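The values are calculated or read from the model by the stated rules, or taken from the named source; none is laboratory data. The model shown is predicted, which means the values in this text are computed figures rather than measured ones. Cβ coordinates were reconstructed from backbone atoms using ideal geometry, including for glycine residues, and neighbour counts include every protein chain displayed. Ligands, DNA and RNA are excluded from the accessible area calculation, which covers all protein heavy atoms including side chains. Shrake-Rupley method; radii C 1.70, N 1.55, O 1.52, S 1.80 Å.
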Amino acid sequence: MSAWTFLWAFLVGGAICAIGQVIMDTTKLTPGHVMSILVVAGAVADGLGLYDPLIKFAGAGATVPITSFGNALVHGAMHEAKIHGLIGVITGIFEVTSAGISAAIVFAFLAAVFAKPKG
């Protein structure tokens, strides 16, 4: 890997995050709304065939931000729909994203146990 790989990952990932921050700063949308917008944007980009080239170009800069979750949802649904039809749409979404969702639940629980939450 060259230094260019890291630079492009930083710039693309930073741009995605900056877009989310600009949306939050210039509108009255909550972080949850902005997160939903970014997930849908990633899903639409994957549906149009634009997200995979972005991943090939930017690597982790495109796979780490929340937009990649939308990409994973649509990617899994489309792949399984080709194989299993309509039921594949539902199973494909969970097949591809289940590890990430499970990890989020486990680490959130561990953070709550060890960080003494105030809420």
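Return the residues of the stretch 47-83 that are assigned to a helix (DSSP H, G or I) and in contact (Cβ under 8 Å) with a residue 40 or more places away in the chain; say none if nothing qualifies. Can you show your working first?
As a first pass, look at the stretch 47-83 and keep what is assigned to a helix (DSSP H, G or I): 47, 51-58, 60-63, 67-83.
Selection gives 54, 57, 58, 60, 61, 62, 67.
Is the stretch 98-106 home to any residue that is in contact with a helix residue (DSSP H, G or I) (Cβ under 8 Å, 6 or more places away or on another chain), in a helix (DSSP H, G or I) and surrounded by fewer than 18 Cβ atoms within 10 Å (Cβ to Cβ)?
Yes, the stretch 98-106 has at least one match.
Residue 92 versus (1) assigned to a loop (DSSP other than H, G, I, E, B); (2) surrounded by 18 or more Cβ atoms within 10 Å (Cβ to Cβ): which is the lone unmet condition?
(1)
Within the stretch 73-89, which residues are under 20 Å from residue 40 (Cβ atoms), among the hydrophobic types (A, V, I, L, M, F, W, C) and open to solvent by 20 Å² or more (accessible area, probe 1.4 Å)?
73, 74, 78, 81, 89
Can you name the residue in the stretch 1-46 that is among the hydrophobic types (A, V, I, L, M, F, W, C) and in a loop (DSSP other than H, G, I, E, B) and, of all such residues, is least open to solvent (accessible area, probe 1.4 Å)?
For the stretch 1-46, the residue satisfying everything is 29.
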